[in-house]
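Structure incoming, see below.
Values in this text are rule-based calculations from the coordinates and carry no lab data. Model, not experiment: these values are computed from the prediction. Here the Cβ is made from the backbone with ideal geometry for all residues, glycine too, and neighbour counts use every protein chain on show.
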Amino acid sequence: MKILVQTEAFDLGAEVDAMRGGRTDIGAIASFVGLARDLNEGSGVQAMTLEHYPGMTEKALAKLVDDARARWILLDVTVIHRVGRLLPGDPIVLVAVASSHRGESFAACEFIMDYLKTQAPFWKKEETTEGTRWVDARASDDAAAARWRTK
């Protein structure tokens with residue numbers, strides 16, 4: 001398991017290669033990469049700054065991964081989330097999940113990402129064409145996470 005909160009960009013290919021590491025028990029790796037957009041809520045976004053509580057954030061991410069491991073048989077998980085100032089097109093988050101079969105990898109990857117959006121202590125501030133604003137939680141993210149409570 002690899003959990004990092006960092007300012008540096010990550011390399012999806014390098015992370016997947018590291019996860020594979022010559023293992024032959026892995027049958028599937030599902031991944032998600034979130035990118036900074038140039039438009040949000042009808043405003044042009046010039047940059048976004050992500051803030052977090054060091055230590056607390058990593059613990060929250062580890063708990064999400066532990067919860068996923070309690071639901072599915074997972075062979076490895078990588079979660080990397082960036083903080084600091086990001087520009088449109090920059091990668092923000094990587095979730096990669098390895099398992100013996102694709103079903104577990106897909107489901108666990110989506111589960112981790114859905115809960116990351118609602119449970120992890122990150123705060124986003126956007127620099128827009130209209131000024132600077134904090135990004136509020138979205139009802140759609142809460143709904144995505146809520147669907148896992150019944151499964």
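Output wanted: per-residue J couplings in Hz (rounded whole) for region 82-99, from phi through Karplus 6.51 cos²θ - 1.76 cosθ + 1.60, θ = phi - 60°, x for Gly and Pro.
For region 82-99, the Karplus-derived couplings read 8, 10, x, 8, 10, 9, x, x, 5, x, 9, 9, 10, 10, 10, 10, 10, 8 Hz, x marking Gly and Pro.
May I ask you to compute the full-extension gain from ALA146 to ALA70, defined as 0.36 nm times their residue separation minus their alpha-carbon distance, rounded to one decimal in nm?
Separation in residues times 0.36 nm, less the Cα-Cα distance, equals 25.6 nm.
Same structure again: Mind giving me the FRET efficiency for ALA9 and THR118? R0 is 25 Å, r the Cβ-Cβ distance, nearest 0.05 is fine.
For R0 = 25 Å, the calculated efficiency reads 0.50.
Any chance you could run the full-extension gain for ASP136 through THR24? It's 0.36 nm times the residue separation minus the Cα-Cα distance, nm to one decimal.
My answer for the length gained is 36.0 nm.
Taking 8 Å as the Cα distance limit and 6 or more residues as the minimum spacing, I'd like the relative contact order of the chain as a percentage.
Relative CO of the chain lands at 33 percent.
Tally Lys and Arg at +1 and Asp and Glu at -1 over the other residues with C-beta under 11 Å from the C-beta of ILE3: what net charge comes out?
Around ILE3, the charge tally is +1.
While we're here: Return the sequence-ordered ³J(HN,Hα) values of region 70-78 in whole Hz as given by the Karplus equation 6.51 cos²θ - 1.76 cosθ + 1.60 applied to θ = phi - 60°, using x for Gly and Pro.
Karplus-based 3J(HN,Hα) across region 70-78 equals 6, 8, 10, 7, 10, 8, 6, 9, 10 Hz.
Can you give the alpha-carbon Rg of the chain over 2.2 N^0.38 Å, where N counts its residues?
1.07
Output the 0 to 90 degree angle, nearest 10, between the alpha-carbon long axis of helix 102-119 and the longest principal axis computed from the alpha carbons of the chain.
Approximately 30 degrees, to the nearest 10.
Follow-up. Lysine pairs, Cα distance under 21 Å, 8 or more residues apart or cross-chain: how many in the chain?
9
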